């Protein structure tokens with residue numbers, strides 16, 4: 001499914017035009033061609049409703065996922081993934097959704113279909129480094145709100161060797177738009193479904209990983225819970241503590 005808001009409004013406009021044309025023709029032909037006119041009105045009305053419905057859901061922050069993993073109340077369509085605090089796990093029944101990989105656990109290999117903001121060397125080398133992993137989704141408006149704070153934290157710690165990495169399930173084009181609109185300067189891995197599920201399922205979460213490749217801290221899905229006011233301070237503290245405990249080999 002697409003997440004293109006312009007397309008949704010275009011579909012709605014097309015439905016409105018089709019329904020209006022059916023009404024005009026029905027009146028002008030004085031009742032003749034009732035079946036074609038009725039079909040035009042019916043199809044137009046359905047298309048109008050579909051476009052308006054999808055567009056409105058988009059504005060509310062809902063998105064269609066790339067791989068049909070499902071989170072959300074049971075009355076939402078199967079592939080619709082809303083950013084709701086009380087969302088329940090959908091058909092994938094991914095147990096990690098509500099419980100990000102806990103501190104002390106080893107982090108799986110960071111894999112992605114491709115990378116943005118990297119040079120010819122490819123994915124970032126995170127061996128023996130303190131790493132901040134930002135699991136992000138295009139459907140999460142609060143993620144965009146918090147991006148500036150994360151960028152400020154990145155500026156503060158990059159000279160101390162801390163690496164930032166963003167992972168998303170989105171495709172390259174969508175991920176590129178995210179990077180450009182938010183001004184993210186660090187490596188961004190797109191199509192990273194496998195690693196994201198191993199870490200947290202699909203809910204946006206920020207992790208701090210120590211030099212041994214273990215999770216030192218995570219924000220317990222702060223942006224997913226719309227709780228971003230204290231995120232920068234907590235992230236600062238977690239990075240400082242991890243740097244203090246982690247000795248470079």
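FYI, it's all coordinate maths here, none of it is from the lab. None of the values given here were measured: they were computed from a predicted structure. Please note: Cβ atoms are built from the backbone with ideal geometry, for glycine as well, and neighbour counts cover all protein chains shown.
Evaluated at q = 0.13, 0.17 Å⁻¹, a Debye calculation over the C-alpha positions of the range 94-245 (equal weights, vacuum) places log10 I(q)/I(0) at -0.51, -0.93.
Going by a ≥ b ≥ c, the root eigenvalues of the Cα gyration tensor, does the range 123-194 fall in the rounded group (a/c under 1.5), the prolate group (a/b larger than b/c) or the oblate group? Here the range 123-194 falls in the oblate category. Going by neighbour counts of Cβ atoms within 10 Å, the residues 154, 234 line up, fewest first, as 234, 154. Once label points are set 7 Å from the Cα along Cα→Cβ at both residue 245 and residue 233, what is their separation, rounded to one decimal in nm? So the label points at residue 245 and residue 233 sit 2.1 nm apart.
Note on residue 225 and residue 13: their simple-model spin labels are 4.2 nm apart, each label 7 Å out from Cα toward Cβ. Each semi-axis of the equivalent ellipsoid for the range 183-243 is √(5λ) with λ an eigenvalue of the Cα gyration tensor; in descending order they amount to 19, 16, 13 Å.
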